[in-house]
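What follows is a short report on a single structure.
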Amino acid sequence: MKKYRYLRVSEDRFEKPFVSRSLYPRLWLGGFVATLVMTLWVYVTPLLGLPNVDFAGILGSYLAGQPSIMFSGSWWAGMVWHFLNGTLLFPLIYAYWIYPVFNRDNSSVSIVDGFPYHSVLRGEAWGLILFAFSQMVAMPLAGGGIFSTKTLEPALVLIGCVIGHLIYGATFGALTASQKQTVLELRHNRAA
């Protein structure tokens, strides 16, 4: 064991990456499809009586310094930023920092002993982490307040956002699960 400034980590933990580079395409495909499904959800929510939280408009307004009109140049720039986050950045953060917490020693049992975290549940947990981040960082930066308190309908915005992030997480988790991992989880569930 080496002593690092704030924590102890065994040397072999850093010799091998948590995620093999051969899995990057699966991560990125899962992130792209999950972002696409979440984005479709966002634009369908007004049909269900929920407010539209336009991620592309919010991100585009950061870039332009003024509100983005749908399908304007800054809106498209925001949409590209949204897809880069969901396709490339968030899957890599999940793979290197979140997945190891839920899947130590490549087993299907998490830190909470005895509770099997199926890949979809891990994905949904990741979606909730992203939801919390968006509501504590991104929404206040956009002027919506922490947990959307400064929006016109805070409760409805929160409902739409949490459902959208759960959709992202479940889709991502389902598409990035390896067959080996799924077999281990099925065996663990049958044995329980």
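Could you grab me the full set of residues in region 77-98 that are within 15 Å of Thr39 (Cα to Cα) and out of contact with any Gly (no Cβ under 7 Å at 6 or more places or on another chain)?
Met79, Val80, Trp81, His82, Phe83, Leu84, Asn85 - these are the residues of region 77-98 that are within 15 Å of Thr39 (Cα to Cα) and out of contact with any Gly (no Cβ under 7 Å at 6 or more places or on another chain).
Which number in (1) more than 17 Å from the chain's Cα centre (by Cα); (2) under 26 Å from Val120 (Cβ atoms); (3) at pLDDT below 90; (4) of a type in the set (Val, Ile, Thr) marks the one condition that Val44 misses?
(3)
Name every residue in region 128-180 that is among the β-branched types (Val, Ile, Thr), surrounded by fewer than 16 Cβ atoms within 10 Å (Cβ to Cβ) and in contact with a Lys or Arg (Cβ under 9 Å, 6 or more places away or on another chain), in order of residue number.
none
A quick yes/no check of all residues on (1) of a type in the set (Ser, Thr, Tyr); (2) outside any helix (DSSP H, G or I); (3) without any contact (Cβ under 8 Å) to a residue 60 or more places away in the chain; (4) touching a strand residue (DSSP E or B) at 6+ places or on another chain (Cβ under 9 Å):
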{"residue": "Gly31", "(1), (2), (3), (4)": "no, no, no, no"}
{"residue": "Val53", "(1), (2), (3), (4)": "no, yes, no, no"}
{"residue": "Leu63", "(1), (2), (3), (4)": "no, no, yes, no"}
{"residue": "Ala77", "(1), (2), (3), (4)": "no, no, yes, no"}
{"residue": "Leu89", "(1), (2), (3), (4)": "no, no, yes, no"}
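The values are calculated or read from the model by the stated rules, or taken from the named source; none is laboratory data. These numbers come from a predicted model, not from an experiment. Methodologically, a virtual Cβ is constructed for each residue, glycine included, from the backbone with ideal geometry; neighbour enumeration extends over all protein chains shown.
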